[in-house]
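*Asks:* Below you will find the structure I want to go over with you.
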Amino acid sequence: MTIKNLTQAMPIVATALGRRFGVQVIVGGRDACTDGQHIWLPDLPPESALRPVAWGLLAHEASHVRHTDMTVFQREASASPLRQHLLNVLEDVRIEQAIRRDYPGTQTTLEHVIDWMLATGQLQTPTTDAHPAQCLSGYLLLALRWRVLGQQALAESARQAEQVLRQTFPATLVYRLMGLMSQAAGLKSTTEAALLAARIEALLEDEATAAESSPPPAPGASSDDTNGADGDDDSASAAETSTATGTETGDRDESSTGASDPTPSSDAVEVEAEAEAETETPPNADGCPSQKAAADGPGPDAMDQAAGDDTAGGAGGETPSGTAAERLRQTLAATADALEGDLFERVRRQLGQADTESAGVVRLPAAEDATLDSVSATLLLGQVRRTSRVLIARLQGLVQASRLEHPCAVERGRQLMTRRLYRVGLGETRLFARHREQPAPNTAVHLLVDLSGSMGSQVSANRYAYQIALEASLALALALEAIPGVSVAVTAFPGDDGTDETVTRLVQHGQRVASRAGAFDRHPRGGTPLAQALWYAAADLLLRPEPRRLVLTLTDGDPNDRALALSILEQCEQAGIELVGIGIQYDVSPLFRHSQVIESMADLKSRLFRLTERLLV
């Protein structure tokens, strides 16, 4: 491995972020995706410019895992490619809003992705010669991210996209669309996002039907006449300019934060839109995104006027792509290719094509929770407590005694120091003892238990090596749990499927060991993925607050990849993690700087306790 600092290793950082977000992250390979429960990322070197992009993707996907109802999403997305795309744009904005409320720092993380996409040309403003569906979806994506999420880097792109939208679609549709868009900031669930996506699609259908039923334009009619305007251009432009600037003072402050003003109900918006179709002078609708743009610079209407009569105006004039009805029908019938896909799909593709450190680098294994067997739990607890009571009491007593300093003599107290009584005649008044406790050990311990196939060897009548190892681990975990300042976790490797990619969590930090006793009823399987197990334990301990971190490893054979295991061990030592190897009839000294060999399984429990005494006392 080429990573010099374990704390900078991408699997460690990704695990920390995943735990913070409450999702499980798997680093390694070339995948950048999620299945709704796990998130996969490639392993990028610390100097990679794509690392900030990967953290942004992680935050985005974590927000989906936390806040998206995939059942609702998949059901609604199957209605049409356009519906799926609209829903994806709305849901992305909604879930990113939600994760920013939980974790405010993700705002900057997600903005790094937008900055990178703009800098590399991954995110561009749609043009008038693009597919009409791209003009619509591009505007929605840019405007909502600017207005709702406050991503100011998209401000100019959103203004340009609005101009393209007005040149592509009728003014009535643009106005009614903006009324619906004003509801995006208040979406509370995937269901609400799906309903809004359906309403936008229905709006397009209504406008297409209305455009098809309108009489064709008279020969020589202007582009404004194509949409049935009765007034002249100057009066319409003046009315729109007045509307756009009527809320300038209030909107200027709002645009800097991405917040939305209160807006009329959807029914009111539709009634007003119908009135607009008859008068060609849209009524004032506070909070409409297009009007807010006027507070930040030249509005799209003003830009249209400056373009001259040869350019299709903001009233929805025709472009070379066809009539308004044709463009609306093209939008409704758009395929997935025409819609350019999900914004973050472009990020996934780039990460999947990036140069990674995957060659020769261990993948941080996924952790699975062990199933609990209540019957086995009762039997194991009884067996362990019966045979380990003396050892547990001895370990706890030694640790507690080590925290007591030798008493110091004081003038007042409750305990008389009889050995100092002879000094009374010499005027000595400090005859009482005062005890002061040392701080608790403040240590996080992670116990790794090898459950490879070789641990299935029989060591006595009806007793197998893996059973003794698991019982000893359970007994030690129970003893450590009772010591103030000590936190313990126990993990078996490999996982239940016997592959290198998983480990099985028997006890996690903070869990009561007795309640997890049933997890220790496991069986041997697979090989010895020691490197992966150490990788997982290191990632776990580096997230702990205790200043001292200790890994105890019980194993009975050579690891699957010795060179990789040595590399992980070296990095763990550099990160300040103490490592102790316990070889079960196997010499682990070539691997671990501190190690012991236990030849008799009958001695495993007592030797394990004595070793722990020396480490903690």
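The values are calculated or read from the model by the stated rules, or taken from the named source; none is laboratory data. Note that the coordinates shown come from a computational prediction; the quantities given were computed from them, not determined experimentally. With ideal geometry, Cβ positions are generated from the backbone for all residues, glycine too; neighbour counts draw on all protein chains shown.
*Asks:* Let me confirm something: among Val588, Val551, which residue is over 27 Å from Val375 (Cβ atoms), assigned to a strand (DSSP E or B) and among the β-branched types (Val, Ile, Thr)?
*Replies:* Working: Val588 fails: assigned to a strand (DSSP E or B).
Result: Val551 is the single residue among Val588, Val551 that is over 27 Å from Val375 (Cβ atoms), assigned to a strand (DSSP E or B) and among the β-branched types (Val, Ile, Thr).
*Asks:* If you don't mind, there's one more thing I want to ask. Within the stretch 565-577, can one find any residue that is crowded, with 17+ Cβ neighbours inside 10 Å and under 30 Å from Thr387 (Cα atoms)?
*Replies:* No: the stretch 565-577 contains no residue that is crowded, with 17+ Cβ neighbours inside 10 Å and under 30 Å from Thr387 (Cα atoms).
*Asks:* Regarding the stretch 373-393, can at least one residue be identified that is part of a loop (DSSP other than H, G, I, E, B), at pLDDT 75 or above and not assigned by TED's automatic domain parsing to the domain that holds Leu41?
*Replies:* Of the residues in the stretch 373-393, the ones part of a loop (DSSP other than H, G, I, E, B) are 373.
From the residues that got through so far, the ones that are at pLDDT 75 or above too are 373.
Going one step further and asking which of them are not assigned by TED's automatic domain parsing to the domain that holds Leu41, we end up with 373.
Yes: the stretch 373-393 contains one or more residues that are part of a loop (DSSP other than H, G, I, E, B), at pLDDT 75 or above and not assigned by TED's automatic domain parsing to the domain that holds Leu41.
*Asks:* So, one more: Residue pairs, Cβ under 9 Å, 6 or more apart or interchain, first in the stretch 451-475 and under 23 Å from Val390 (Cβ atoms), second assigned to a helix (DSSP H, G or I) and among the aromatic types (Phe, Trp, Tyr). List them.
*Replies:* Filtered contacts from the stretch 451-475: Leu470/Phe520; Glu471/Phe520; Ala472/Phe609; Ser473/Phe520; Leu474/Phe520; Ala475/Phe609.
*Asks:* Among the residues of the stretch 127-151, how many are touching a Gly at 6+ places or on another chain (Cβ under 8 Å) and not in a loop (DSSP other than H, G, I, E, B)? Lay out the reasoning, then the answer.
*Replies:* Of the residues in the stretch 127-151, the ones touching a Gly at 6+ places or on another chain (Cβ under 8 Å) are 130, 146-151.
With not in a loop (DSSP other than H, G, I, E, B) added as a condition, the list becomes 146-147.
Total meeting the criteria: 2.
*Asks:* Then there's this: Of the residues Ser454, Ser515, which is at pLDDT below 95, under 28 Å from Arg544 (Cα atoms) and not in a loop (DSSP other than H, G, I, E, B)? Show your work before the answer.
*Replies:* Numbers: Ser454 fails: under 28 Å from Arg544 (Cα atoms).
The unique qualifying residue is Ser515.
*Asks:* Moving on to the next point. Considering only residues of the stretch 590-605 that are at pLDDT below 85 and among the small types (Gly, Ala, Ser), which is surrounded by the fewest Cβ atoms within 10 Å (Cβ to Cβ)?
*Replies:* Ser600
Each row is one residue, and each column tells you yes or no for (1) over 23 Å from Glu76 (Cα atoms); (2) modelled with pLDDT of 95 or more; (3) not in a helix (DSSP H, G or I); (4) not assigned by TED's automatic domain parsing to the domain that holds Glu345.
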{"position": "Arg94", "(1), (2), (3), (4)": "no, yes, no, no"}
{"position": "Arg101", "(1), (2), (3), (4)": "yes, no, no, no"}
{"position": "Thr109", "(1), (2), (3), (4)": "yes, no, no, no"}
{"position": "His112", "(1), (2), (3), (4)": "yes, no, no, no"}
{"position": "Leu118", "(1), (2), (3), (4)": "yes, no, no, no"}
{"position": "Gln122", "(1), (2), (3), (4)": "yes, no, yes, no"}
{"position": "Thr125", "(1), (2), (3), (4)": "yes, no, yes, no"}
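*Asks:* Same structure, new question: Residues to consider are Leu478, Leu448; find the one that is crowded, with 17+ Cβ neighbours inside 10 Å and in contact with a Leu (Cβ under 8 Å, 6 or more places away or on another chain). Lay out the reasoning, then the answer.
*Replies:* Details: Leu478 fails: in contact with a Leu (Cβ under 8 Å, 6 or more places away or on another chain).
Just one listed residue meets the conditions, Leu448.
*Asks:* Looking at the stretch 12-58 only, could you name the residues that are in contact (Cβ under 8 Å) with a residue 60 or more places away in the chain, closer than 22 Å to Arg346 by Cβ and among the charged types (D, E, K, R)?
*Replies:* Arg30, Asp31, Asp43
*Asks:* So, one more: Within the stretch 476-512, track down each residue that is polar (S, T, N, Q) and in a loop (DSSP other than H, G, I, E, B).
*Replies:* Matches in the stretch 476-512: Thr499, Gln508, Gln511.
*Asks:* Given Ala130, Ala184, which one is in contact (Cβ under 8 Å) with a residue 40 or more places away in the chain and either closer than 21 Å to Glu96 by Cβ or aliphatic (A, V, I, L, M) (or both)?
*Replies:* On the way: Ala130 fails: in contact (Cβ under 8 Å) with a residue 40 or more places away in the chain.
Selected residue: Ala184, the only one of Ala130, Ala184 that is in contact (Cβ under 8 Å) with a residue 40 or more places away in the chain and either closer than 21 Å to Glu96 by Cβ or aliphatic (A, V, I, L, M) (or both).
*Asks:* While we're looking at this one, here's another question. Out of the residues in the stretch 425-444 that are assigned to a strand (DSSP E or B) and either farther than 26 Å from Ala482 by Cα or charged (D, E, K, R) (or both), state the one that is modelled with the lowest pLDDT.
*Replies:* Among residues in the stretch 425-444 that are assigned to a strand (DSSP E or B) and either farther than 26 Å from Ala482 by Cα or charged (D, E, K, R) (or both), the one modelled with the lowest pLDDT is Glu437.
*Asks:* Can you pull out every residue in the stretch 325-372 that is farther than 30 Å from His131 by Cβ, surrounded by 20 or more Cβ atoms within 10 Å (Cβ to Cβ) and at pLDDT 85 or above?
*Replies:* Ala370 - this is the single residue of the stretch 325-372 that is farther than 30 Å from His131 by Cβ, surrounded by 20 or more Cβ atoms within 10 Å (Cβ to Cβ) and at pLDDT 85 or above.
*Asks:* Give the residue, chosen from Leu90, Leu86, that is surrounded by 19 or more Cβ atoms within 10 Å (Cβ to Cβ), of a type outside the set (Val, Ile, Thr) and out of contact with any Asp or Glu (no Cβ under 8 Å at 6 or more places or on another chain).
*Replies:* Numbers: Leu86 fails: out of contact with any Asp or Glu (no Cβ under 8 Å at 6 or more places or on another chain).
Exactly one residue qualifies, and that residue is Leu90.
Residue-by-condition table, conditions (1) in contact with a His (Cβ under 9 Å, 6 or more places away or on another chain); (2) among the acidic types (Asp, Glu):
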site	(1), (2)
Phe169	no, no
Tyr175	no, no
Ser189	yes, no
Glu201	no, yes
Glu205	no, yes
Thr209	no, no
